[in-house]
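Structure record follows, encoded as structure tokens.
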Amino acid sequence: RSFEILSILFPTHYLSFYPQEEEGNTCKTQKTSWLQDCVLSLSPTNDLMVIAREQKAVFLVPKWKYSDKGKEEMQFAVGWSGSLNVEEGECVTSALCIPLASQKRSSTGRPDWTCIVVGFTSGYVRFYTESGVLLLAQLLNEDPVLQLKCRTYEIPRHPGVTEQNEELSILYPAAIVTIDGFSLFQSLRACRNQVAKAAASGNENIQPPPLAYKKWGLQDIDTIIDHASIGIMTLSPFDQMKTASNIGGFNAAIKNSPPAMSQYITVGSSPFTGFFYALEGSTQPLLSHVALAVASKLTSALFNAASGWLGWKSKHEEEAVQKQKPKVEPATPLAVRFGLPDSRRHGESICLSPCNTLAAVTDDFGRVILLDVARGIAIRMWKGYRDAQTGWIQIVEDLHERVPEKVDFSPFGNTQGPSRVAQFLVIYAPRRGILEVWSTQQGPRVGAFNVGKHCRLLYPGYKIMGLNNVTSQSWQPQTYQICLVDPVSGGVKTVNVPFHLALSDKKSERAKDMHLVKKLGALLKTKSPSLGRYRLTERRKHTVMSFLIEYSKWSNQNTPVFQMVSSRWLMRSVFVSLGSFFFWKCLHGESSTEDMCHTLESAGLSPQLLLSLLLSVWLSKEKDILDKPQSVCCLHTMLSLLSKMKVAIDETWDSQSVSPWWQQMRTACIQSENNGAALLSAHVGHSFSQTVLGADSEALTDSWEALSLDTEYWKLLLKQLEDCLILQTLLHSKANMQTANVSSLQTEPLPRLSVKKLLEGGKGGIADTVAKWIFKQDFSPEILKLANKERDTENPDEPKEEKREIRSGHLAVFNLLCLAYKQFPCSLELDVLRAHCCWEYVVQWNKDPEVTRFFVRSIEHLKHILNAHVQNGIALMMWNTFLVKRFSAATYLMDKVRDEMQAPVLDTEDAWLAVEGPISIVELALEQKHIHYPLVEHHSILCSILYAVMRFSLKTVKPLSLFDSKGKNAFFKDLTSIQLLPSGEMDPNFISVRQQFLLKVVSAAVQAQHSVAKDKDSPEEAPAAPFGKDQDWPLLAVDLAHHLQVSEDVVRRHYVGELYNHGVDHLGEEAILQVQDKEVLASQLLVLTGQRLAYALFHTQTKEGMELLASLPPTLCTWLKAMDPQDLQNTEVPIATTANLVHKVIELLPENHGQYSLALHLIDAVEAIASPSL
């Protein structure tokens, strides 16, 4: 990929980047440092990257591809490349990729498209689309553009904070131009729409709204290299009086309210850092003259920049326009208020923090200086960072990770308060090849990474343009804050910093926890000779015991730290390591179980904690346990020893209450995804609990059974684990029926199951899980039906051969599916499973609409749903969710719900009555309202029209022109609503347009069907139907004619004429039987007969033909000369077939018809032509 980019940006000497080995380190440095010579920008949404050098540019877009290791990963690929310069000699100096928010209701707050803003040495600022089409070109100043920066909307964190407007700031050597974000957003949308219209028509050129901008001429400063636009700020009364006194003396007048000002900071020289303040409302915004570039639909505006600057002009006119530059408005003078006057120091860059309170400045002395923006002072300095690049990371605290203070309680109610925000400064030092993260303002370094010496640190400092306080809350954009681009490895890396690193060790409980966990992890990795006998040294024993005692305290307090640390991290890694450290050899029978339990008990550890450690190692090593069945006996022994410890089983526990000891074990089994190991441990726990319960109930007689709540809970858990294990086995089985064209969506692995996940999945969770597996196997509805009937062994109607054929291909999977049906007779009821399969297929089709077989399979499952209520609801949900904007033919499958059919009652197996979670898809389907069938039929007509236009490429047909205003307004409305549909007599103009459309469809259908037979040697064939077998288009056209108020007989007559026109006379004779007005049809066929005879007589120009023409009656001869044989689609029709057509015409014409005599003359002419002399 780098080779392709280098060949574009360095076309003359890109081969020098791949030198021979003997050329030394100079060429190697040149190979890796090429990115430093380029202008680089990455969109905050990570969907577009721009790399430019001089006049060339490359637009990169992310795509999912397979790496060399076979792993699917996101890679940037070249989406567009070319030259950006319009004027001779101009080069790119700066670039930005700004994502623009969508204005659609369905995607409010999400990015719609990305605009590329490019600054040039000529002073022009140009705006492009992702495909390289020029939208706007603006000359705001004749000096080179130094820097482009953007600010997008952010919700104020605190009341009273000034809300900042969106803007694009452009830095020139002596001026700053700020473009209002709202004006820019509207102009870019208008220009993008203009480009789309121009590409369609080629002649539209409507000027977009002008840009509103402000231009400030910066004074009292020698050199400007970079800038930062802070935004609008309001001084406090004290700062207002201080500023007024500094400017006007002690007699200065002070206004009642502090004025609002826009603050700008520049870096350069004399002063090193300058602070500018522009009063809001002191100058009127300028309105720019926008140069609109309309892209040609044949050639991109970037490849031919002269075509389309101001419409479609001649070449000489365009050259004259380009030579005449737009008028440049003068700048409003703005003097520097104060600065940091270090005459020897020259600033190189400035980076503003996300909260607009701090800024990092780099200089030529290798320093990084931290500025307080509000006070205008330097508060910190880092040394030894020459050529440094800086950026910021802002982290919001997760309230779940905060630990309330143990003693200090807030008297003001909530002890947590709002989420805190931490700022981290990221410094990349290319000379040392290190990336550092510092906590601000005076915090320590919290992280350092060794990276390459030729990377680029990208910190955009903005997000999505076009949001406001409402739309920004509807969806949290997936934007990155900072990233590092490495030209050597070709990777783009992001930096993530946890919030707790901003806290000191005294205030951060998480820092203490992580330190203890790291210490314990290092201890567990260290092996000693006495490890096999579990004899710990005093130092190790103290560390392990302190950790476990602390964990016991957390578990007793049940604080958020316990929920976060233990459940998320400790239970997954440390607990497994500790459990293996203590119990793994005991479970294998290699160490004494009694000695281990005695040692741990003497250390003061609670049996509940030891039980958690034991279960963690047992449930995490399922494969090893299944390979050694004797480990089950060891688990029983270990469980009995732990249960005999003090406070393990409460002495007050009886059979009518739930024991916390056994409930802890059941909870671990419920949450485990290793169902085999969980089922074994549940059997061991159930067996031992029965032993304990039996010892307490010896007084009962043999005629009574000892029952307890724990016993019932154990039985319920065993049934649930057994069901879950069967379901898990089914999900991991493969039928080996996949075809060659397997979609990547079908190769994604299914998640592992647990009893907890099934209980939280709702009533439809089981069916939804099986539906995902069916999608991966791509089973047809017939296989599901056959597997369901397999439960009924007394079914004599099932074909034995079909069973044998299907089962021979995947016998084991088929048996598992039948077993799942038996285990879940209610959850996997056939209509319920079909509904979930239908929905799963359409969801996957929506992810990749190009794979149409997913949608076809979804329709197949929908057709097989027997209950009309469920079928209607699923179809309606599919239409409203996926199909209403794709003009699909799903409405053919919707039918009226019959009143006599009962809505199904959704049952659940007894073991799964406690399910909770989202509502089932079948329940949602039953809640759908009844559809308004005339509206469905109305959409069905439109879908048929769209299908015909697509099938036969009828480009001149506009589908909506076939409907009046009522018909157009009724489209794409809720199918359950009552809409005003067309009724009564239709306007004759609409009927005429509809009739012409149907006749075109019939002509195209006949041509597509019979043109191949005409030209057998031609390699071109009729376009294939998209779904295999094609429609009966003439019959469909007649059906559409009935709904569109067009005469059906006109369509039938046209179909007969087209069949004869293509020389398929035998089919034409069959189609004549359907025509009502045969007299009009005979007149039409008489003309076609005349065309055939005219071709036979005038095309050959033989002597016998001329003699026959002279012998014909003058009336017939004149009539034949008026015929145009060019309208015939097939001229190779035998004369005998034409003779049969003439006889057919005479049969259809009445004797008193005006053309009857002409038909009789045609019989004589045809017979004369058919004679052997001719």
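The values are calculated or read from the model by the stated rules, or taken from the named source; none is laboratory data. From a predicted model like this one, the values you see are computed outputs, not experimental measurements. Don't worry about glycine lacking a Cβ; one is built from the backbone with ideal geometry, like all the others, and counts go over all protein chains shown. Note: accessible area is taken over every heavy atom of the protein model, side chains too, but ligands, DNA and RNA are not part of it. Shrake-Rupley method; radii C 1.70, N 1.55, O 1.52, S 1.80 Å.
Within the group 689, 703, which residue is modelled with pLDDT under 90 and part of a helix (DSSP H, G or I)? Give the derivation first.
Working: 703 fails: part of a helix (DSSP H, G or I).
None of the other options fit; the residue is 689.
Restricting the search to segment 431-450, which residues are free of Cβ contacts under 8 Å to residues at least 60 places away in the same chain, under 19 Å from residue 361 (Cβ atoms) and open to solvent by less than 30 Å² (accessible area, probe 1.4 Å)?
Matches in segment 431-450: 436, 443.
In segment 954-968, what residues are of a type in the set (D, E, K, R) and outside any loop (DSSP other than H, G, I, E, B)? Give the steps one after another, and end with the answer.
Taking segment 954-968 first, the residues of a type in the set (D, E, K, R) are 955, 958, 964, 966, 968.
The answer is 966, 968.
In this structure, does residue 6 turn out to be crowded, with 19+ Cβ neighbours inside 10 Å and either at pLDDT below 85 or not basic (Lys, Arg) (or both)? Can you show your working first?
On the way: crowded, with 19+ Cβ neighbours inside 10 Å: yes; either at pLDDT below 85 or not basic (Lys, Arg) (or both): yes.
So residue 6 fits the description; yes.
Can you give me the number of residues within segment 478-502 that are of a type in the set (S, T, N, Q) and under 21 Å from the mean Cα position of the chain (by Cα)?
Residues of segment 478-502 of a type in the set (S, T, N, Q): 478-479, 481, 489, 494, 496.
Those left that are additionally under 21 Å from the mean Cα position of the chain (by Cα): 478-479, 481, 494.
Residues meeting the conditions: 4.
Between a residue in segment 756-767 that is closer than 19 Å to residue 674 by Cβ and any residue that is in a helix (DSSP H, G or I) and among the small types (Gly, Ala, Ser), which pairs come within a Cβ distance under 7 Å, given they are 6 or more apart or on different chains?
Short answer, once both residue conditions are applied: 758/765.
Among the strands (runs of 3 or more DSSP E) contained in segment 31-126, which hold 2 or more residues that are of a type in the set (Ser, Thr, Tyr)? Show your work before the answer.
On the way: elements: 39-42, 49-53, 56-66, 72-83, 92-101, 111-120.
Where strands (runs of 3 or more DSSP E) fall fully within segment 31-126 and carry at least 2 residues being of a type in the set (Ser, Thr, Tyr), they are 72-83, 92-101.
Quick check on my filter: what residues within segment 759-778 are open to solvent by 30 Å² or more (accessible area, probe 1.4 Å), over 22 Å from residue 907 (Cα atoms) and assigned to a helix (DSSP H, G or I)? Don't jump to the end; show me each part of the working.
Within segment 759-778, the subset open to solvent by 30 Å² or more (accessible area, probe 1.4 Å) is 759-760, 763, 768, 772, 776, 778.
In the following step, the residues that additionally are over 22 Å from residue 907 (Cα atoms) were identified as 776, 778.
Answer for segment 759-778, where residues must be open to solvent by 30 Å² or more (accessible area, probe 1.4 Å), over 22 Å from residue 907 (Cα atoms) and assigned to a helix (DSSP H, G or I): just 776.
List every residue pair whose Cβ atoms sit under 8 Å apart, with the two residues 6 or more apart in sequence or on different chains, where the first one lies in segment 1151-1165 and is over 20 Å from residue 1094 (Cβ atoms) and the second, anywhere, is open to solvent by 60 Å² or more (accessible area, probe 1.4 Å).
Sorted first by the residue in segment 1151-1165, then by its partner, the pairs are 1153/1079.
Determine which member of the set 968, 955 is open to solvent by 10 Å² or more (accessible area, probe 1.4 Å) and modelled with pLDDT of 80 or more. Walk me through how you get there before you give the answer.
Values: 955 fails: modelled with pLDDT of 80 or more.
Of 968, 955, the one residue that is open to solvent by 10 Å² or more (accessible area, probe 1.4 Å) and modelled with pLDDT of 80 or more is 968.
Which of the residues that make up segment 225-239 are part of a strand (DSSP E or B) and either more than 24 Å from residue 272 (Cβ to Cβ) or open to solvent by 40 Å² or more (accessible area, probe 1.4 Å) (or both)? Step through it out loud before you land on a result.
Here is the first cut: in segment 225-239, the ones part of a strand (DSSP E or B) are 225-234.
Listed by number, the residues that qualify are 225, 232, 234.
Could you please give the count of residues in segment 110-167 that are among the aromatic types (Phe, Trp, Tyr), more than 30 Å from residue 233 (Cβ to Cβ) and crowded, with 20+ Cβ neighbours inside 10 Å? Give the steps one after another, and end with the answer.
Here is the first cut: in segment 110-167, the residues among the aromatic types (Phe, Trp, Tyr) are 113, 120, 124, 127-128, 153.
Now drop any that are not more than 30 Å from residue 233 (Cβ to Cβ), which leaves 113, 120, 124, 128.
If we keep only those that are crowded, with 20+ Cβ neighbours inside 10 Å too, we end up with 120, 124, 128.
Selection size over segment 110-167: 3.
Under 9 Å by Cβ, and 6 or more places apart or on different chains, what pairs join a residue from segment 839-865 that is polar (S, T, N, Q) with one that is open to solvent by less than 50 Å² (accessible area, probe 1.4 Å) and outside any helix (DSSP H, G or I)?
844/743; 844/851
Can you name every residue in segment 583-614 that is surrounded by fewer than 16 Cβ atoms within 10 Å (Cβ to Cβ) and outside any helix (DSSP H, G or I)? Quick ask: steps written out before the conclusion?
Initial filter on segment 583-614 (surrounded by fewer than 16 Cβ atoms within 10 Å (Cβ to Cβ)): 588-590, 592, 594-595, 598, 602-604.
Scanning segment 583-614 gives 588, 589, 590, 592, 603, 604.
Kindly list, by first and then second residue, each pair from a residue in segment 581-604 that is within 20 Å of residue 619 (Cβ to Cβ) and touching a residue at least 60 places away in the same chain (Cβ under 8 Å) to a residue that is assigned to a loop (DSSP other than H, G, I, E, B) and open to solvent by less than 50 Å² (accessible area, probe 1.4 Å), limited to pairs with Cβ atoms under 8 Å and residues at least 6 apart or on different chains.
596/534
Mind checking which residues of segment 55-97 are open to solvent by 40 Å² or more (accessible area, probe 1.4 Å), over 16 Å from residue 7 (Cβ atoms), among the charged types (D, E, K, R) and without any contact (Cβ under 8 Å) to a residue 60 or more places away in the chain?
Result: 63, 65, 68, 69, 71, 73, 88.
Do we find that residue 962 is closer than 17 Å to residue 1000 by Cα and within 30 Å of the chain's Cα centre (by Cα) in this structure? It would help to see each step written out before you state the result.
Details: closer than 17 Å to residue 1000 by Cα: yes; within 30 Å of the chain's Cα centre (by Cα): no.
No.
All but one of (1) modelled with pLDDT under 85; (2) closer than 30 Å to residue 1067 by Cβ; (3) more than 32 Å from the chain's Cα centre (by Cα); (4) of a type outside the set (Val, Ile, Thr) hold for residue 998; which doesn't?
(1)
Mind checking which residues of segment 1048-1067 are assigned to a helix (DSSP H, G or I) and not hydrophobic (A, V, I, L, M, F, W, C)? If you could, list the steps in order and put the result at the bottom.
Of all residues in segment 1048-1067, those assigned to a helix (DSSP H, G or I) come to 1048-1061, 1065-1067.
Of everything in segment 1048-1067, those that are assigned to a helix (DSSP H, G or I) and not hydrophobic (A, V, I, L, M, F, W, C) turn out to be 1048, 1049, 1052, 1053, 1054, 1055, 1057, 1058, 1060, 1061, 1065, 1066.
Which residues, counting only those in segment 1068-1103, are part of a loop (DSSP other than H, G, I, E, B), open to solvent by 10 Å² or more (accessible area, probe 1.4 Å) and closer than 17 Å to residue 1036 by Cα?
Filtering segment 1068-1103 for residues part of a loop (DSSP other than H, G, I, E, B) gives 1073-1077, 1099-1102.
With the extra rule that they be open to solvent by 10 Å² or more (accessible area, probe 1.4 Å), the set shrinks to 1073-1074, 1076-1077, 1099-1102.
Matches in segment 1068-1103: 1074 only.
Name, by its number, the condition in (1) touching a residue at least 24 places away in the same chain (Cβ under 8 Å); (2) within 38 Å of the chain's Cα centre (by Cα) that does not hold for residue 956.
Exception for residue 956: condition (1).
Which condition breaks for residue 1007 when tested against (1) open to solvent by 20 Å² or more (accessible area, probe 1.4 Å); (2) over 27 Å from residue 1071 (Cβ atoms)?
Among (1) open to solvent by 20 Å² or more (accessible area, probe 1.4 Å); (2) over 27 Å from residue 1071 (Cβ atoms), the lone unmet condition for residue 1007 is (2).
Before we move on, is residue 129 touching a helix residue (DSSP H, G or I) at 6+ places or on another chain (Cβ under 9 Å) and over 30 Å from residue 334 (Cβ atoms)?
On the way: touching a helix residue (DSSP H, G or I) at 6+ places or on another chain (Cβ under 9 Å): yes; over 30 Å from residue 334 (Cβ atoms): yes.
Criteria met by residue 129.
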